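> Provided herewith is a single structure, encoded as structure tokens, for subsequent inquiry.
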Amino acid sequence: MRLSSQPPARFEIKVKLFIFFSLGLLTLYCQKSKEALLEKAKEELGRENVSEALQYIREAYELSLPNEFFFRPRHEKYELIVSLREPNKIFALKEDKKSLYIYDTEGGKEGKLRLPYIPEKMSFSPRGNYLIFSYLSDDSCLMRVYSFLKEKFYKLPQKISCGMVPGISEEGLVPLVENEKLVLYQITGELVYTSGKKLEKGGKLPAESAFFFDYEDHLYFTYGLAGLYYLYYLEKDSLKLLRRDVALPKAFAHGRLMGFLTGGAGSYEVVFFEKGKAQIERFSAVSGYAAFLQGEQNHYYYLRRLQPFEVKGADKRELPFWARDIALSADNKLLLLSPLGSILKYSGKLPPEVSLAIFQKGVEIEEGR
């Protein structure tokens, strides 16, 4: 007797029915979960537990978002995102703080690196050929460098303050401040530069340093403490003091320009530099978390607390998301690291009405604190 290679029609019908009902149950489960989370938020509000209520609201909000608003699948959680526009890569540190993933601008996986230690601070060289990070060791920190080209870790012997933000050039140069002077080391440990004079700083307390290389490998760094930092620029062997009023040890990339938050409370603005020279472009109403669109004037995003804003010329509007950090991909897509650890994306399209309604509930709770 000859056996047919095709399954019976009745079997095909059962399989299709099973898939249909499974998808229906999954949809129903998500709907019930969203409603249950909102109910829990209501209960926590009744107990005056505002923080717990907001947590449930944010979970319900993300559950209501369509998949198109997620850069990576919604179940994946992250601790940090970094975007390098010229090599078009997104680096994302998973919530375990040791698994570093590399994605393209569409969220496709390009690579993975397992870090041997949990980083305190981390930075990438301008084109992403090197990673440098500090990690806790007794009462101070040590540094490691990873070469993506050689696929190799380098251990640096110098002990540093854990508050220092390390930096590395495309040539593998690591800057440090030693005895109040700027020094440069190769990743192999060789000293290649020492500044001739001591660095100026505001106040007498020990200063912290943060190092940044622009796309052309020029070094900028801040030196100071507690909202008063001096900004320096190294041009060949000449060290220049650019500003005495930098508010944060952080840099903002805008194309090939490097920007720094200057001024005091109520009068902050980002001033951009090109090869150590200040540019006309200045952006006000910016916090320590901001992202500037490639190739566009006066168009940027920033965070105030957990609320993202979009500024375009004279127009400013709140975006219906929560985020603890933001970044821009090479194609000017806004990436948002949510308080729950999800990576969301925004390309100009607003979430559906049901999501906006949940978001508004969260805003009302925050404003009623």
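> Can you put THR262, THR222 in order, fewest other beta carbons within 10 Å first?
THR262, THR222
> Considering only ALA327, ALA291, ALA207, give the residue with the highest GNM mean-square fluctuation for the chain, with springs between Cα atoms whenever their separation is below 10 Å.
Fluctuation is largest for ALA207.
> Expressed as an acute angle from 0 to 90° and rounded to the nearest 10, what is the orientation of the C-alpha long axis of helix 50-64 relative to the principal long axis of the chain?
Around 60 degrees separate the two axes.
> Of the cross-linked pairs LYS152/LYS201; LYS98/LYS349; LYS94/LYS159, which ones have a Cα-Cα span greater than 31 Å in the structure shown?
Checking Cα-Cα distances, LYS152/LYS201; LYS98/LYS349 exceed 31 Å.
> Rg and Dmax of region 204-354, using alpha carbons, in Å: what are they?
Values for region 204-354 (Cα only, Rg and Dmax): 16.2, 58 Å.
> Okay, next question. Using C-alpha positions alone, give me the convex hull volume of region 284-369 per residue in cubic angstrom.
Per-residue hull volume (Cα only) is 109 Å³.
> Just from its helices, what would the mean residue ellipticity at 222 nm be for the chain, if runs of 4 or more DSSP H residues each count -39500 (n - 2.57) and the sum is divided by every residue, rounded to the nearest 500 deg cm²/dmol?
-6500 deg cm²/dmol
> Compute the convex hull volume of the Cα atoms of region 106-195, divide it by the residue count, and report the result per residue in Å³ as a whole number.
So the per-residue hull volume is 113 Å³.
> When the convex hull of the Cα atoms of region 189-279 is projected onto a plane and the area is averaged over all directions, what value comes out in nm²?
In nm², the orientation-averaged hull projection of region 189-279 is 6.5.
> Tell me the trypsin sites (Lys or Arg not before Pro) within region 229-277 that lie in a loop according to DSSP and have at most 13 other beta-carbon atoms within 10 Å.
LYS236, LYS275
> Then there is this: Placing +1 at every Lys and Arg Cβ and -1 at every Asp and Glu Cβ, with all other atoms neutral, what dipole size does the chain have around its Cα centre, in debye to the nearest 20?
Approximately 640 debye in magnitude.
> Give me the percent of Cα-Cα pairs in region 305-346 that sit more than 11 Å apart, rounded to a whole number.
Of all Cα-Cα pairs in region 305-346, 63 percent lie more than 11 Å apart.
> Here's a follow-up. Using all alpha carbons of region 30-160, what is the percent of pairwise distances in each 10 Å bin, ordered from the shortest bin to the longest?
With a bin width of 10 Å, the distribution comes to 11, 31, 25, 20, 12, 2.
> I've got another one for you. Considering all alpha-carbon pairs of the chain, what whole percent are spaced by more than 35 angstrom?
35
> In which sequence would LEU205, LEU156, LEU335 go, from the one with the fewest C-beta neighbours within 10 Å to the one with the most?
Listing LEU205, LEU156, LEU335 from fewest to most nearby Cβ atoms yields LEU205, LEU156, LEU335.
> At a temperature of 20 °C and a viscosity of 1.002 mPa s, determine how fast region 144-247 diffuses translationally according to Stokes-Einstein, using the Kirkwood radius over alpha-carbon pairs as Rh; express D in µm²/s, rounded to the nearest whole number.
Taking Rh from Cα pairs, D becomes 150 µm²/s.
> For the chain, what relative contact order do you get, as a whole percent, if you take Cα pairs closer than 8 Å and at least 6 residues apart?
12
> Check each of the GluC sites (Glu not before Pro) in region 162-257 and keep only those in coil by DSSP with at most 16 other C-beta atoms within 10 angstrom; list them in order.
Sparse-neighbourhood loop GluC sites (Glu not before Pro): GLU170, GLU171, GLU180, GLU190, GLU200, GLU216.
> If you don't mind, there's one more thing I want to ask. Along the charge dipole of region 309-369, pointing to its positive end and built from +1/-1 on Cβ of Lys, Arg, Asp and Glu, which listed residue (PRO352, ILE365, ALA330) has its Cα farthest out?
The Cα lying farthest towards the positive end belongs to ALA330.
> In what sequence do GLU79, GLU366, GLU39 fall when counting other Cβ within 10 Å, fewest first?
The order, fewest Cβ neighbours first, is GLU39, GLU366, GLU79.
Coordinate-derived values only; no laboratory data. Quick caveat, the model's predicted, so the values are computed rather than measured. Reconstructed Cβ throughout: ideal geometry from the backbone, glycine too, with neighbour counts over all protein chains shown.
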